[in-house]
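Student: If you scroll down you'll find the structure; I have some questions about it.
The values are calculated or read from the model by the stated rules, or taken from the named source; none is laboratory data. Keep in mind that what you see is a predicted model, and the values were worked out from it rather than measured. Ideal geometry is used to build each Cβ from the backbone, glycine not excepted, and the neighbour counts take in all protein chains shown.
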């Protein structure tokens, strides 16, 4: 009897043990692997595809809140060449009034950013008033394995483009003037907005629209496509020089592969079409291939380097085809209390109105530092060298090259939560390599447009209004 009880007890314990073991084994077996999507490493916003248009983010992520935010800025400048004329000197007072309205709206799978910036510039000698208008849009929609973004930037300005160092910056988020853009992986020169140099207070309209998309193929690979259109039109032919209108169409596609958590490689092909009035420059066709590498350390450093051949076909007066090199290198580094960005690019540009197409090399160094709890410092250096691609019979500048450079500094003091006081200085220079035989032209020979601008101003940015 005792033996039977022992056998029964043994069988019961053994059965319970087997059942428990089976249950544990069932719980420990992995389920099906989740499908890759927005959590895929190649779609990480801190290290986006190197062939896409977005650049790695070095800023801390903030709460996504929807709001409308107004801002107003008034500044007074002393300018040694307020008319931005060649060879001109003389002090002039310029008053600028700018207002901005920003909107940002967030949904579960979409984001929308809008900005309008407008105002006027009032010159003292001779008295003149010029309007300043700019608008910007950025809309993003996401799906499980990718996203698409529409960007548009429009401006109507009397001379050149808004620059943070020119008059102390602009109110608002900077979306309309390129300050809020995060273009980092496009073709060399694609992210640059505005003119690389300007002469005269000549009203000019510029618009750039871009649609791009990213599609992940697997957790470490993605394809990218983008298409864009931009134009630059000038509206005062009575002021020499007669600047050249231009349109530009761009299309590109690329493949990115994540080598490791911090490193990527990629290849991108792009096609560009530059169009000028037929009697001035006709069309320029450009084919670009870039091989890229990026290295990113979250919230600290990003390095993007790329180079490759480009094939240019000029249609003016017959075909003139040639090979050259395009390249882009950008370093962004964030320290404890400061940050810097250094960029070098070699690309084909529309010529800034001076030429019907140009071979351009541009370099920039920007630096930002927190001097005290309520004081910020901004420094900016830039230089570009532009070589004419083709000669034209009408309009433009009778020069082989032009160079443009600037140096700027801004100190901004936060006065409470709603006001800023700023002081700014900027030096800029545009010079032309004009042959001696063309010295009788309206530009003269070897003349330079040089400006020193000192500004002081105040900015008001009240508390944003929540719209959710």
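Student: Taking the stated definitions as given, is residue 199 in contact with a helix residue (DSSP H, G or I) (Cβ under 8 Å, 6 or more places away or on another chain), crowded, with 16+ Cβ neighbours inside 10 Å and modelled with pLDDT under 95?
Tutor: no
Student: Okay, moving on. For the list (1) within 30 Å of residue 336 (Cα to Cα); (2) at pLDDT 90 or above, I need the number of the one condition that residue 257 fails.
Tutor: Unmet condition: (1).
Student: Restricting attention to the stretch 305-319, report how many residues are surrounded by 14 or more Cβ atoms within 10 Å (Cβ to Cβ) and free of Cβ contacts under 8 Å to residues at least 12 places away in the same chain.
Tutor: So the answer is 0.
Student: Across the stretch 140-155, what is the total count of residues that are surrounded by 18 or more Cβ atoms within 10 Å (Cβ to Cβ) and part of a loop (DSSP other than H, G, I, E, B)?
Tutor: Number of matching residues: 1.
Student: Quick check: anything in the stretch 292-304 surrounded by 15 or more Cβ atoms within 10 Å (Cβ to Cβ) and closer than 17 Å to residue 386 by Cα?
Tutor: The answer is no; no qualifying residue exists.
Student: Does residue 105 count as surrounded by fewer than 16 Cβ atoms within 10 Å (Cβ to Cβ), in contact (Cβ under 8 Å) with a residue 12 or more places away in the chain and in contact with a strand residue (DSSP E or B) (Cβ under 7 Å, 6 or more places away or on another chain)?
Tutor: Considered against the rule, which asks whether it is surrounded by fewer than 16 Cβ atoms within 10 Å (Cβ to Cβ), in contact (Cβ under 8 Å) with a residue 12 or more places away in the chain and in contact with a strand residue (DSSP E or B) (Cβ under 7 Å, 6 or more places away or on another chain), residue 105 comes out as no.
Student: Which residues, counting only those in the stretch 371-414, are out of contact with any strand residue (DSSP E or B) (no Cβ under 6 Å at 6 or more places or on another chain) and farther than 19 Å from residue 274 by Cα?
Tutor: Result: 372, 373, 398.
Student: While we're here: Given the criteria closer than 30 Å to residue 461 by Cα, modelled with pLDDT under 95, in contact with a strand residue (DSSP E or B) (Cβ under 9 Å, 6 or more places away or on another chain) and surrounded by 16 or more Cβ atoms within 10 Å (Cβ to Cβ), does residue 359 qualify?
Tutor: Here the answer is no, as residue 359 does not meet what is asked.
Student: Given the condition modelled with pLDDT of 90 or more, over 23 Å from the mean Cα position of the chain (by Cα), surrounded by 15 or more Cβ atoms within 10 Å (Cβ to Cβ) and under 18 Å from residue 196 (Cβ atoms), answer yes or no: does some residue in the stretch 408-417 qualify?
Tutor: no
Student: Out of (1) in contact with a helix residue (DSSP H, G or I) (Cβ under 9 Å, 6 or more places away or on another chain); (2) without any contact (Cβ under 8 Å) to a residue 60 or more places away in the chain, what's the single condition that is false for residue 256?
Tutor: Unmet condition: (2).
Student: Those residues that are without any contact (Cβ under 8 Å) to a residue 40 or more places away in the chain and closer than 19 Å to residue 387 by Cα, I need them from the stretch 320-347; list them, please.
Tutor: Answer for the stretch 320-347, where residues must be without any contact (Cβ under 8 Å) to a residue 40 or more places away in the chain and closer than 19 Å to residue 387 by Cα: 321, 322, 323, 324, 325, 344.
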